[in-house]
Amino acid sequence: MPRRHRPASVPRYRRTDRRAVALLAGAGLALTGCSIPNPFDRDATPSPALATSDRVPPGQEALAKFYEQTLTWSDCGGPQCAKLTVPIDYADPQGAIIQLSVLKVSRRGGGTALGSLVVNPGGPGGSGVDYAKYADFIVGTPVRKAYDVVGFDPRGVAASAPIECVKPAQMDTFLGQDPTPDDRSEEDEAVRLAKDFGAACQANAGPLLPHVSTVEAAKDMDILRAALGDAKLTYLGKSYGTFLGATYAGLFPDRVGRFVLDGAVAPNLTPEQFAVGQAKGFDVATKAWAQDCVESGKCPLGKDVDAVVTGLIDLLAKLDATAAPVTGDARVTKLTEGWASYGVAAAMYDQGRWDALTEALRAVVAGDGTELMAMADDYAERRPNGSYSGNLMQVINAVNCLDNGDSADPAVYRERAKAAEQAAPVFGRLLAWSGLVCGNWPIKPTGKGEKITAPGAAPIVIVGTTRDPATPYDWAVDLAGQLESGVLLTMDGDGHTAYMRANTCIDNAINDYYVKDAVPADGTRC
């Protein structure tokens, strides 16, 4: 299973709708010299509401032409769409460019206009364009009245020069592989698949591949801020979007407006700390599901929590040895341990899917992997016809491996797996091996895990959920402590992220912060 933070979804009663909405067309890889108009050739003036000193940060004068661009909005079925031009390589601003897709849902009105709220759902690889379409469901009504909700697809993602390493059939093989090697032969196969994936990315993804780091995406976001006409960035980042937001705050602390980072990632984690921490988070969520499964009276894996957890471990081991049949899929005919792990993980993000997981596992016990494969498909943004609705499962590795590398030595993962399994018996071994792709990535990492303090930034609200599987609560505590202006807001509950997930206390606190600039008291618990 790749390291990932999983994009936050809209509320579960709209989840199917979100999957059905197609991404905006017409982006593609847009390099200078290709068949796109040069955005700097036309006569265009930046928004007169923003002074040059507010638009271009000190020291960024070489990027002035990007900061001074005007967004040309067009209707795209209700929302408005535009393209933002950014350099591929910030060290060479006169070189090749790409265009990022941007979508704006205009404020409802009825309140004081407060500018733009930029949103990111996570990933890395989640589509901000797709996410912003559901503005009515991802922010509260007072916020909708005050802000235009703006989403952008980060570089390499979805409709913004998307990275494609392998074709769908090869992606299926990569995702369905054995995630828990049991012997040297299986370890060798895992290394081969990791190397092959990295080599395919290097061969097929083009000149953008070395330039999809979170630092570069954060720099893009500051150019977007200026193009929107805002002196400061107002931002909602969920899951990986919290790392993107914290990175932005570290780079541009004086441009931080009202920031909410929900489902926080601690930026100073080592690869091992990340893997073990996330495994522990998923195991905590798994025990909460197991309790629910037992209380339902229909649990197929045992009659108490410990028995259910053990039963799940045994079932995954059984699938490792003998995959379960899958019907109705154009290409995948067997539910492997790899696919099953994605299916189980998918349900941990939202307790509203626990009943579906219980029924899917009941079917697996009876010899049918179809329902659990459908949940894995949802996790991977994959359709039963074998196509993928986005490129999240490809670009996540490209971003993660630039942000923080890992070891190429299988012995490192062998030892990591032993420690992780002690800490997290269900997901420990699986996530311990997840760094192997980055350990064999063909491009040297440009970042590493380190603290972000963002001195001088305005208050940044960090939201943590106590039983969040993908971004454990400890990470929110850690990030709030690192940031000089960090304010911790806690939801005691289940699932991934907190805002707009049926907790009125959390929702009201964040709505008041965005609209009234009422910063929650540090340590507030809901």
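The values are calculated or read from the model by the stated rules, or taken from the named source; none is laboratory data. A quick note: this is a predicted structure, and the numbers were derived from the prediction, not measured. No Cβ is skipped: glycine too gets one built from the backbone with ideal geometry, and neighbour counts run over all protein chains shown. Note: areas computed on protein heavy atoms with side chains; ligands, DNA, RNA excluded. Shrake-Rupley method; radii C 1.70, N 1.55, O 1.52, S 1.80 Å.
Whole-Å semi-axes of segment 380-438's equivalent ellipsoid, largest first, each the root of 5 times a Cα gyration tensor eigenvalue?
Details: eigenvalues 137, 53, 14 Å².
Equivalent-ellipsoid dimensions as semi-axes: 26, 16, 8 Å.
How high is the FRET efficiency between Ala521 and Glu295 when r is their beta carbon distance and R₀ equals 30 Å, given to the nearest 0.05?
Efficiency at R0 = 30 Å is approximately 0.30.
What does the accessible area of Ser485 come to, in Å² to the nearest 10, when a probe of 1.4 Å is used?
20 Å²
State the answer as a single residue: which of Thr70, Gly257, Pro425 lies farthest towards the positive end of the charge dipole of the chain, with beta carbon charges of +1 for Lys and Arg and -1 for Asp and Glu, about the Cα centre.
The residue sitting most towards the positive pole is Thr70.
Along its principal axes, what span do the Cα atoms of segment 196-317 show, with the longest given first and each in whole Å?
Principal-axis extents of the Cα atoms in segment 196-317, largest first: 58, 40, 25 Å.
How many percent of the accessible area of the chain is carbon or sulfur, using a 1.4 Å probe?
Carbon and sulfur together cover 51 percent of it.
Which of the lysines could a cross-linker span from Lys334 if the Cα-Cα distance has to be under 20 Å and same-chain partners fewer than 8 positions apart are dropped?
Cα-Cα hits under 20 Å: Lys167, Lys318.
How big is the antiparallel share of DSSP beta bridges in the chain, given as a percent to the nearest 5?
40 percent
Probe 1.4 Å, all protein chains in place: accessible area of Glu272 in Å², nearest 10?
Its accessible surface works out to 80 Å², give or take rounding.
Determine, from the Cβ-Cβ distance of Ala366 and Glu61 and an R0 of 51 Å, the FRET efficiency 1/(1 + (r/R0)^6), rounded to the nearest 0.05. Walk me through the intermediate numbers first.
Values: r = 66 Å, r/R0 = 1.30.
Computed FRET efficiency for Ala366 and Glu61: 0.15.
Using every alpha carbon pair in segment 290-447, what percent of pairs falls into each 5 Å bin from 0 up to the bin containing the largest distance?
2, 9, 15, 18, 19, 16, 12, 7, 2, 0, 0
In square nanometres, what is one fourth of the surface area of the convex hull spanned by the alpha carbons of segment 113-238?
9.8 nm²
Just to be sure I follow: if Rg is taken over the C-alpha atoms of segment 196-247 and Rh is the Kirkwood radius over the same atoms, what is Rg/Rh?
Expressed as Rg/Rh, it is 1.12.
Please grab the % of Cα pairs in segment 80-171 that end up more than 22 Å from each other.
Working: 1617 of 4186 pairs.
Percentage above 22 Å: 39.
Enumerate the aspartates and glutamates that Lys418 could reach by cross-link, defined here as Cα to Cα under 14 Å, with residues fewer than 8 away along the same chain left out.
Asp182, Asp183, Glu272
Do the sum for the chain: with -39,500 (n - 2.57) for every DSSP H run of n ≥ 4, divided by all residues, what is the mean residue ellipticity at 222 nm, to the nearest 500 deg cm²/dmol?
It comes out at -12500 deg cm²/dmol, rounded to the nearest 500.
Charges on Cβ only, +1 for Lys and Arg, -1 for Asp and Glu, centred on the Cα centroid of segment 85-163; of Thr85, Gly115, Pro162, which one is farthest towards the dipole's positive end?
Comparing the listed Cα positions along the dipole, Gly115 ranks first.
Would you please calculate the Kirkwood hydrodynamic radius of the chain over all C-alpha pairs and express it in Å, rounded to one decimal?
That comes to 23.3 Å for the chain.
Run the dipole for the chain about the Cα centre, Lys and Arg Cβ at +1, Asp and Glu Cβ at -1, nothing else charged, and hand back the magnitude in debye, nearest 20.
Details: 51 positive and 63 negative charges, 218 e Å.
The dipole magnitude comes to about 1040 debye.
After finding the eigenvalues of the alpha carbon gyration tensor for segment 408-491, what semi-axes result from the square roots of 5 times each, listed largest first in whole Å? Mind dumping the intermediate values first?
Numbers: eigenvalues 179, 76, 16 Å².
Values for segment 408-491, descending: 30, 19, 9 Å.
Tabulate in residue order the Karplus-calculated ³J(HN,Hα) for segment 410-417, using 6.51 cos²θ - 1.76 cosθ + 1.60 with θ = phi - 60°, rounded to whole Hz; enter x for Gly and Pro.
Calculated HN-Hα couplings, in order: x, 4, 4, 6, 4, 6, 4, 5 Hz.
Using a simple spin-label model with points 7 Å from Cα along the Cα→Cβ vector, what separation in nm is obtained for Ser53 and Arg184?
In this crude spin-label approximation the distance works out to 6.8 nm.
For Lys238, give me every one of the lysines with a C-alpha distance below 25 angstrom, ignoring sequence neighbours fewer than eight places off in its own chain.
Output for Lys238: Lys83, Lys104, Lys133, Lys145, Lys219, Lys280, Lys287, Lys448, Lys451, Lys516.
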